[in-house]
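The values are calculated or read from the model by the stated rules, or taken from the named source; none is laboratory data. These numbers come from a predicted model, not from an experiment. Every residue, glycine among them, receives a Cβ derived from its backbone with ideal geometry; neighbour counts consider all protein chains shown.
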Amino acid sequence: MSLLEIENVTKTYDALTVLTDVSLLVETGEIIAIIGRSGSGKSTLLRCINGLESIQAGRIVIDGVEVNDPGTDLRKLRQQVGIVFQGFNLFPHLSVCRNITLAPTVTKGIAEADARELAREALVSVGLEDKIDAYPDQLSGGQQQRVAIARSLAMQPKLMLFDEITSALDPELTGEVLRVLEEMSRTGMTMVLVTHEMGFARRFGSRVVFMHEGRVWEQGPAADTLGKPKTKELETFLNAVLH
Amino acid sequence: MIREFGWIDVFYLVAAARWTIALTVAAFIGGGIVGVVMAVLRVSGIAPLRWFAFLYVQVVQGTPLLVLLFLFFFGLAIVGLPVLPWIAVALAFSVYGGAFLGEIWRGALQAIPKTQWEAGSALGLSFTEQLRYIIVPQAVRVAIPPTVGFLVQLIKNTSLAATIGFVELTREAQLTTASTFQPFAAYMIVALLYFLLCFPLTQWSRHLERKINVAA
Ligand SMILES: Nc1ncnc2c1ncn2[C@@H]1O[C@H](COP(=O)(O)OP(=O)(O)OP(=O)(O)O)[C@@H](O)[C@H]1O
Ligand SMILES: [Mg+2]
């Protein structure tokens, strides 16, 4: 059984069909890079995976739990699926420590003191342990994004989703965030990331998934797929982003 | 008998100001409770609750406060529920305050970006947990100035309670004027008393705003 099973998923917003018959299996430890043009449905797919959006047909199953089953406790499920957004979405009124400890203390009943230790560990893994008592607006964009990653990691998820997490950052800050992802890849974390960083996708992605017009248009091992695209659409896309 | 305007009149006016304060406090507490409920209903995920709160706010905001007062004072008596003026006024002001505070606080809640809710739900927090830990603490900052602004209006609007027999500050001034024939003195003192009630509030609001901005 795969950790994440997406089977024939269709997602519509009223008359607009955003995802059509999308299927994808992700095994534990895999790193999936989702690429594709703007509007091809990449973000929507990620949001469907952790139930932020509902689907109109098909199934999404995470570790045996069906996301769209009305009987599923989505809150429990989301504790196991971390998501990091392009815009960081830190809580500006809370310290870095509290940003990280809020969910563990509230949803898992972890004691405040233990939670701080948890936060410290999560911050060590993103290289920001000295910022534990800072506030989000005292941090650079790259640091904020690393805190957002640490916040998700502190929930000890089985699966991490990343939606263009470096798109709002300049190249230098992008580098520091990508290094954190590299580090995570070594710990065997399963990751699905929407990215424009083709270099990162090639080096660390176990697979590349190219989405086009709401469908999984082409997928395969990262190096092959990026090096020898089989479809004209992927070739066009790669030419556009690489040149 | 016309008598001189004297210290005793000042004393009566100050005493009547206590009623203005009491009415304001009652209205703010009652209106605050109703307002919180309405604001939360307006941002809830359940459409009929949102519509209900919307309708409530629209209807009440479209009704003159005086009409609400009469409705509760005379109306309840007619349907067989004779109420003390005190209760009628408290109810009417709660209904009225609830609509305005509900609208102010809804605005404050909605001023917080949707992505904050989303970050909360992505971490597995429930609707109420998101409200409590993420949305409300941020919305309070936005809500303070308009809430105090409304409170100042409320202090002044309590004078309408005079119409159903309440002797608060403005009514007391009328009575004083009737017996002393010195409207200028009486209403100057009334104006001063209203100012003394309202001014500290606006100052306190500014102070809070400043403090919160520093903390953020
Ligand atoms: N809440 C919504 N309501 C209606 N349409 C939406 C909504 N969210 C997304 N869409 C539409 O769904 C389509 C796919 O959007 P999505 O955000 O998934 O694309 P994307 O591949 O992530 O693009 P980008 O690279 O620009 O982030 C777009 O046409 C978008 O306009
Ligand atoms: Mg997107």
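The residues of segment B:132-165 that are among the hydroxyl-bearing types (S, T, Y) and at the interface with chain A (Cβ under 10 Å from one of its Cβ atoms) amount to a single one, B:Y133. Checked against the criterion of being out of contact with any helix residue (DSSP H, G or I) (no Cβ under 6 Å at 6 or more places or on another chain) and facing another protein chain (nearest Cβ under 9 Å), the candidates A:Q80, A:Q56 yield just one match: A:Q80.
Of all the criteria given as (1) under 22 Å from B:S121 (Cα atoms); (2) in contact (Cβ under 8 Å) with a residue 40 or more places away in the chain; (3) more than 12 Å from chain B (Cβ to nearest Cβ); (4) among the polar types (S, T, N, Q), the one not satisfied by A:N68 is (2).
Set side by side, the residues B:L175, B:L201, B:L208 differ, and just one is aliphatic (A, V, I, L, M), part of a helix (DSSP H, G or I) and more than 26 Å from B:G102 (Cα to Cα), which is B:L175.
The residues of segment A:90-123 that are at the interface with chain B (Cβ under 9 Å from one of its Cβ atoms) and touching an Asp or Glu at 6+ places or on another chain (Cβ under 7 Å), listed by number, are A:P92, A:V106.
Which residue, of A:N89, A:N99, is under 25 Å from A:R179 (Cβ atoms), at pLDDT 90 or above and within 16 Å of ligand 1 (Cβ to nearest atom)? Of A:N89, A:N99, the one residue that is under 25 Å from A:R179 (Cβ atoms), at pLDDT 90 or above and within 16 Å of ligand 1 (Cβ to nearest atom) is A:N89.
Considering only segment A:14-46, state which residues are of a type outside the set (S, T, Y), within 16 Å of ligand 2 (Cβ to nearest atom), farther than 19 Å from A:E233 by Cα and in contact (Cβ under 8 Å) with a residue 40 or more places away in the chain. Within segment A:14-46, A:I32, A:L45, A:L46 qualify. Of the numbered criteria (1) more than 24 Å from A:T44 (Cα to Cα); (2) of a type outside the set (D, E); (3) within 14 Å of another protein chain (Cβ to nearest Cβ), the one A:L173 fails is (3).
The helices (runs of 4 or more DSSP H) found wholly in segment A:153-243 and carrying at least 2 residues that are surrounded by 13 or more Cβ atoms within 10 Å (Cβ to Cβ) and in contact (Cβ under 8 Å) with a residue 40 or more places away in the chain occupy A:171-186, A:198-204, A:232-242. Scoring B:L91 on the criteria (1) surrounded by fewer than 22 Cβ atoms within 10 Å (Cβ to Cβ); (2) touching an Asp or Glu at 6+ places or on another chain (Cβ under 9 Å); (3) in contact (Cβ under 8 Å) with a residue 24 or more places away in the chain leaves a single failure, condition (2).
Residues that are within 25 Å of A:E30 (Cα to Cα), assigned to a helix (DSSP H, G or I) and within 16 Å of ligand 2 (Cβ to nearest atom) occur at least once in segment A:133-145. Scan segment A:37-48 for residues that are touching a strand residue (DSSP E or B) at 6+ places or on another chain (Cβ under 6 Å) and within 12 Å of chain B (Cβ to nearest Cβ) and the total you get is 2. Residue selection: A:A240 fails the criterion of being hydrophobic (A, V, I, L, M, F, W, C) and touching a Lys or Arg at 6+ places or on another chain (Cβ under 7 Å).
Summed over segment A:1-16, the residues that are within 18 Å of the chain's Cα centre (by Cα) and within 15 Å of ligand 1 (Cβ to nearest atom) give a count of 1.
Considering only segment A:43-70, state which residues are more than 23 Å from A:Y13 (Cα to Cα) and surrounded by fewer than 20 Cβ atoms within 10 Å (Cβ to Cβ). A:D63, A:G64, A:V65 - these are the residues of segment A:43-70 that are more than 23 Å from A:Y13 (Cα to Cα) and surrounded by fewer than 20 Cβ atoms within 10 Å (Cβ to Cβ). Residues of segment A:17-42 that are surrounded by fewer than 20 Cβ atoms within 10 Å (Cβ to Cβ), of a type in the set (S, T, N, Q) and within 15 Å of ligand 1 (Cβ to nearest atom): A:T17, A:T20, A:S38.
Out of (1) touching a residue at least 12 places away in the same chain (Cβ under 8 Å); (2) of a type outside the set (K, R); (3) surrounded by fewer than 21 Cβ atoms within 10 Å (Cβ to Cβ), what's the single condition that is false for A:N89? Only one criterion is unmet by A:N89, namely (3).
Residues checked against (1) within 22 Å of A:L4 (Cα to Cα); (2) more than 13 Å from the chain's Cα centre (by Cα):
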| site | (1), (2) |
| --- | --- |
| A:V22 | yes, yes |
| A:T28 | yes, yes |
| A:I62 | yes, yes |
| A:V81 | yes, no |
| A:V84 | yes, no |
| A:T105 | no, yes |
| A:K108 | no, yes |
